[in-house]
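Participant: Before I ask anything, here is the structure I am working with.
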Ligand code: ASP
């Protein structure tokens, strides 16, 4: 990866060049929010934006776009990078398991024509984003679940693999014995990769992939694979994707809401803020959970916002890969 190109926005718009994703792991809390977190540049196509600090993933996607590839190919390739990263404990291999010790993955993908494919509760397959694409392109359906999704993946040539790494197994075993364990917002249990891309034709696509909430109840599915919640694209308007407590995103159909707000004239930043506002308004206990959104519109403007400090977005455009600390609602 071209590490020299990766820049982290630290405070008040000042930039610091850092050494790549490994050097940045766990450093999100040290970033300060950028008060003007909305990025705007209509000439900045193609572009990729993703939840969290994932420079390798945005770089892989941007490389596809630079060589004239489609936004759909870009988001698939970008999401695959994090799915294959065994050290990341929230996506693909190495994802933290449910409370029974099973790694169950959710993912979806959406193209500029409005086609969508998803897998929910998929086990033993490292690249759910690619299986989701196969569901979209090779079946008459849009969502496949559990063992049926796994069988379908195998029939499409995906190998079965053990996704529970030693580190994730140990973390789960620790969780089992620590009855009073309480996750720390932004540091544990959250990290879905949601990615939006605009290609050189101006077409938008998105992908979203996750192992869901760590130590969830067996059978639980969150927002990430559900159209309109974890991801939504309308090529006339823009796209949005989410991370955080999926139940709250689902109840407000967050990504669809953001796209519809942009259709009505809100900027991506305003739309993300309004969607977070809806969740906060309905939840007096919002201090206990995190939700973060990113959005992009047809002009290439990008927005991102979260309930609490700690969320960030990575944006690759004009040859520069930058991580932006998100502005957030709860300043108390
Ligand atoms: N949104 C994901 C879910 O609820 C989890 C996360 O982003 O951390 O499954």
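Participant: Please give the residues of the stretch 155-173, grouped as numeric ranges, whose backbone N is less than 18 Å from a label point set 7 Å along the Cα-to-Cβ vector of residue 102.
Facilitator: Correct set: 160-165, 169, 172-173.
Participant: Could you state the per residue volume, in Å³, of the convex hull enclosing the Cα atoms of the stretch 231-332?
Facilitator: So the per-residue hull volume is 90 Å³.
Participant: Let me ask something additional. Within 10 Å of each residue's Cβ, count the other Cβ atoms and sort 229, 67 from fewest upward.
Facilitator: In increasing order of surrounding Cβ atoms, one gets 67, 229.
Participant: Could you work out how much longer the chain between residue 264 and residue 251 gets when fully extended? Use 0.36 nm per residue separation minus the Cα distance between them, nm to one decimal.
Facilitator: 2.6 nm
Participant: Once a ≥ b ≥ c are taken as the square roots of the eigenvalues of the Cα gyration tensor of the stretch 89-180, is the result rounded (a/c under 1.5), prolate (a/b larger than b/c) or oblate (a/b not larger than b/c)?
Facilitator: Note, shape of the stretch 89-180 comes out prolate.
Participant: Per the Kirkwood formula on distinct C-alpha pairs, the Rh of the stretch 191-260 is how many angstrom?
Facilitator: Every distinct Cα pair counted, the radius reaches 12.2 Å.
Participant: First measure r as the distance between the Cβ atoms of residue 147 and residue 220, then evaluate 1/(1 + (r/R0)^6) with R0 = 22 Å and state the FRET efficiency to the nearest 0.05.
Facilitator: Once rounded, the FRET efficiency stands at 0.85.
Participant: While we're here: Fewest Cβ neighbours within 10 Å first, please rank 127, 308, 141 accordingly.
Facilitator: Starting with the residue having the fewest Cβ neighbours, the order is 141, 308, 127.
Participant: Give me 252, 139, 209, 63 ranked fewest to most by other Cβ atoms within 10 Å of their Cβ, as a rough exposure proxy.
Facilitator: 139, 63, 252, 209
Participant: Return a whole-number percent for the relative contact order of the stretch 152-292, with Cα pairs under 8 Å and 6 or more residues apart as the contact set.
Facilitator: 18 percent
Participant: Here's another thing I want to ask about it. Which number do you get for Rg(Cα) / (2.2 N^0.38 Å) in the stretch 130-250?
Facilitator: 1.22
Participant: Mind checking the full-extension length gain between residue 162 and residue 67? Use 0.36 nm per residue of separation minus the Cα-Cα distance, one decimal, nm.
Facilitator: That pair, residue 162 and residue 67, stretches by 30.8 nm at full extension.
Since every read-out is calculated from the coordinates, none of them should be taken as a lab result. Model, not experiment: these values are computed from the prediction. FYI the Cβ positions are ideal-geometry reconstructions off the backbone, even for glycines, and counts take in every protein chain you see.
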